[in-house]
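Novice: Below you will find the structure I want to go over with you.
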Amino acid sequence: MTTKQKILVIIPAFNEEKSIGKVIKEVKKYLSQADIVVVNDGSTDLTSEKARASKALVLELPFNLGIGGTMQAGYRYAHEKDYDIAIQVDGDGQHDPTEIPQLLLGLKKEKGDIVVGSRFITRSEYQTSIMRRIGSSILSRVISNIIKQKITDPTSGFRAANRKAVQLFAFYYPQDYPEPEVLVLLSKSGLKIAEVPVTMKQRYSGGSSITKVKAIYYMVKVLLAIFVDCFKRPPFVGKEREGC
Amino acid sequence: MLTKFQIIVGVLSIIFLLITFELIHKQKLREEYSLLWLFTGAIILIFSIFPYFFLSKLFSQVTGLYYLSAVVLIAFLFLLVIVFHFSIVISQLTERNKDLAQRHALLELEFKELKKKLLPRE
């Protein structure tokens with residue numbers, strides 16, 4: 001189905017030495033034709049060594065840039081090396097590589113420029129705290145309203161992007177809360193977003209970057225960031241469209 | 001009262017100017033900022049020598065401000081502009097820093113791959 005296309009799997013990793021080998025192995029198992037690049041965001045452990053041992057390419061950032069800068073490094077690589085599709089998979093093992101074909105199918109069938117793997121389209125037994133569920137639903141409602149399209153899981157980092165989206169990301173990628181912000185950016189630039197249902201696993205290691213206590217604080221900051229995004233001039237790709 | 005104040009401010013501004021000169025001499029301050037601070041130091045010095053401009057009827061009639069409140073307001077606005085300017089500079093630097101870090105990582109990977117290809121056994 002996707003034999004001719006050049007596919008790159010981008011795995012952002014910050015101190016993920018325990019899980020990174022396993023994630024790479026699984027991705028290779030279910031998507032043998034893809035190249036894998038691990039973007040090491042200034043880890044202090046053996047993430048890079050473990051990734052190289054698993055035969056993945058490693059982009060090593062000289063210091064910690066945060067998730068936005070890390071992902072963008074991956075997209076810049078994809079753009080430079082002329083990949084057709086870039087898939088982002090977390091390095092902590094919560095994204096199930098068996099679901100990658102679903103994302104690819106979404107790119108093809110739903111004609112999206114980016115496909116987001118959503119936990120909440122169908123009921124799954126994925127466990128989150130109540131706080132996070134409430135926060136997540138408020139966030140998805142706000143974003144859905146802004147971009148005038150229903151988005152169920154705006155914080156999901158399990159995504160596939162086509163050439164057009166990769167080009168946009170290589171040029172501009174939000175830095176603070178990239179997952180939800182990217183959606184606003186995309187719709188402003190006139191690119192299409194599609195969602196496909198996926199199930200996610202519990203992480204192999206590490207906790208969520210959002211703890212329960214910080215959930216509200218996180219949400220307020222994300223909302224602020226999104227409102228700020230509404231004022232930003234859209235980047236060059238695609239035709240102009242009034243988003244917000 | 002005013003003379004005491006004049007002396008304090010005057011001495012401070014001279015010390016400030018000397019420090020600025022020293023930093024320029026050691027090239028620890030870029031020209032764009034050194035000019036700004038020299039200018040600031042000079043203004044404060046002039047103000048301490050001729051405080052009567054701020055006490056003059058003309059000034060208070062034009063601006064509606066009297067001596068002390070005028071000083072505070074001007075100082076505050078000045079600091080506001082500087083801080084704002086610095087946030088713009090910091091934003092630019094952060095962006096460039098990020099860009100450099102990414103480029104560095106891309107080049108490093110390219111270099112390693114090339115080395116592997118050219119020197120398979122090392």
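Novice: Can you find even one residue in segment A:64-71 that is within 8 Å of another protein chain (Cβ to nearest Cβ), surrounded by fewer than 17 Cβ atoms within 10 Å (Cβ to Cβ) and not in a helix (DSSP H, G or I)?
Specialist: Here is the first cut: in segment A:64-71, the residues within 8 Å of another protein chain (Cβ to nearest Cβ) are A:65, A:69.
Restricting the remaining residues to those that are surrounded by fewer than 17 Cβ atoms within 10 Å (Cβ to Cβ) gives none.
The answer is no; no qualifying residue exists.
Novice: Filter segment A:186-244 down to residues that are of a type in the set (Val, Ile, Thr) and within 26 Å of residue A:79 (Cβ to Cβ) and give me whichever is modelled with the highest pLDDT.
Specialist: Restricting to residues being of a type in the set (Val, Ile, Thr) and within 26 Å of residue A:79 (Cβ to Cβ), the top hit is A:193.
Novice: Additional query: With the requirement that a residue be more than 10 Å from chain B (Cβ to nearest Cβ) and of a type in the set (D, E, K, R), what does segment A:50-63 give you?
Specialist: A:50, A:55
Novice: Give me the helices (runs of 4 or more DSSP H) completely within segment B:28-122, filtered to those with at least 2 residues that are under 25 Å from the mean Cα position of the chain (by Cα) and within 14 Å of another protein chain (Cβ to nearest Cβ), ordered by residue number. If you could, list the steps in order and put the result at the bottom.
Specialist: Values: elements: B:31-49, B:52-55, B:57-63, B:67-118.
Passing ranges, in order: B:67-118.
Novice: Being farther than 22 Å from residue A:160 by Cα and either touching a strand residue (DSSP E or B) at 6+ places or on another chain (Cβ under 9 Å) or within 14 Å of another protein chain (Cβ to nearest Cβ) (or both) is the filter here, so list the residues in segment A:16-49 that pass it. Walk me through how you get there before you give the answer.
Specialist: Filtering segment A:16-49 down to residues farther than 22 Å from residue A:160 by Cα leaves A:17-18, A:42-49.
Listed by number, the residues that qualify are A:42, A:43, A:47, A:48, A:49.
Novice: For residue A:87, all conditions in the list (1) under 18 Å from residue A:161 (Cβ atoms); (2) under 15 Å from the mean Cα position of the chain (by Cα); (3) within 14 Å of chain B (Cβ to nearest Cβ); (4) not polar (S, T, N, Q) hold save one; what is the number of the exception?
Specialist: Residue A:87 satisfies every listed condition except (3).
Novice: Shifting gears a bit: I need the full set of residues from segment B:10-58 which are within 21 Å of residue B:80 (Cα to Cα) and either hydroxyl-bearing (Ser, Thr, Tyr) or touching a residue at least 60 places away in the same chain (Cβ under 8 Å) (or both), in order please.
Specialist: B:13, B:20, B:33, B:34, B:40
Novice: Quick check on segment B:17-64: of everything there that is aromatic (Phe, Trp, Tyr) and surrounded by 16 or more Cβ atoms within 10 Å (Cβ to Cβ), which residue is modelled with the highest pLDDT?
Specialist: Top of the filtered list is B:37.
Novice: Kindly provide the set of residues from segment A:72-101 that are within 20 Å of residue A:23 (Cα to Cα) and surrounded by fewer than 17 Cβ atoms within 10 Å (Cβ to Cβ), ordered by number.
Specialist: Hits for segment A:72-101 are A:98, A:101.
Novice: State the number of residues belonging to segment A:167-187 that are in contact with a Leu (Cβ under 9 Å, 6 or more places away or on another chain) and farther than 22 Å from residue B:103 by Cα.
Specialist: Final tally of qualifying residues: 3.
The values are calculated or read from the model by the stated rules, or taken from the named source; none is laboratory data. Because the structure is predicted, anything quoted here is derived from the model rather than measured. As a convention, Cβ positions derive from the backbone with ideal geometry for all residues, glycine included, and neighbour counts pool all protein chains shown.
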